[in-house]
């Protein structure tokens with residue numbers, strides 16, 4: 001039992017040591033403005049591989065390459081728009097969390113609204129048809145069938 005506990009503690013210590021040696025990217029900047037621009041850009045650019053993470057948080061190799069390229073461009077004096085334009089030219093509008101309103105991205109902007117309108121129209125149409133269907137069903141019964149239905153309902157209430 002003691003050897004099992006010792007083995008588990010040793011294993012836990014080794015796993016923890018591996019985490020402590022994880023690589024952390026360190027970027028140095030000439031000014032605070034450059035660092036701020038870099039931080040904003042890495043939060044605004046989506047990782048093309050991970051799809052739902054920005055390049056600041058992604059551990060993918062491609063995200064590291066994009067962070068390095070962003071760092072290089074910011075250090076070279078490129079402004080935010082120039083870096084974004086470069087990334088969009090290379091990876092398309094998908095790299096942006098907030099794509100611009102253009103013909104090619106129109107479905108992204110109007111899609112949710114279209115789904116809501118279609119859903120609301122479906123609810124309205126179905127709710128208007130329901131009373132008419134009930135009325136048709138009531139008219140479909142003959143006088144004899146209505147009398148028989150009333151008798152069956154009375155018997156059901158007595159039980």
I'm spelling it out carefully: the read-out is P(r) over Cα pairs in 10 Å bins from 0, in percent, the candidates are (i) 9, 30, 34, 22, 5, 0; (ii) 11, 34, 27, 14, 9, 4, 0; (iii) 8, 19, 15, 12, 11, 10, 9, 10, 5, 0, and one was derived from this structure. Which label? (iii)
Quick one: among 58, 142, 104, which has the greatest mean-square fluctuation in a GNM of the chain with alpha-carbon springs under 10 angstrom? 142
Would you mind checking the tilt of helix 80-91 against the longest principal axis of the Cα atoms of the chain, expressed as 0 to 90 degrees and rounded to 10? 70
In deg cm²/dmol, rounded to the nearest 500, the helical mean residue ellipticity at 222 nm of the chain, built from -39500 (n - 2.57) for every DSSP H run of length 4 or more, is -23500 deg cm²/dmol
Which of 121, 130, 56 moves the most in a Gaussian network model of the chain with Cα springs under 10 Å? 130
Starting from one equal scatterer on each C-alpha and no solvent at all, send me the Debye-based log10 I(q)/I(0) for the stretch 19-100 at q = 0.17, 0.20 Å⁻¹, two decimals. -0.64, -0.87
Residues of the stretch 67-99 with amide N under 14 Å of a point placed 7 Å along Cα→Cβ from residue 57: 97
Estimated distance in nm for a label pair at residue 146 and residue 43, the labels positioned 7 Å out from Cα along Cα-to-Cβ: 7.0
Does a label point 7 Å from the Cα of residue 104, set along Cα-to-beta-carbon, have any residues of the stretch 46-64 with amide nitrogen under 20 Å, and which are they? 46-52
Once you have the Cα-Cα distance between residue 64 and residue 2, take 0.36 nm times their residue separation minus that, and quote the gain in nm to one decimal. 17.9 nm
Comparing 116, 55, 95 in a Gaussian network model of the chain (Cα, 10 Å), the one with the largest mean-square fluctuation is 116
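If you average the sequence gap of Cα pairs under 8 Å that are 6 or more apart and divide by the length of the chain, what percent do you get for the contact order? Mind dumping the intermediate values first?
Numbers: 77 pairs, mean separation 22.2, N = 159.
Relative contact order comes out at 14 percent.
Taken together, the values in this text are just the output of simple stated rules run on the coordinates, not laboratory data. As the structure is a computational prediction, the values presented were derived from the model and not from experiment. Because the Cβ atoms are built from the backbone with ideal geometry, glycine has one as well, and the counts that use them run over all protein chains shown.
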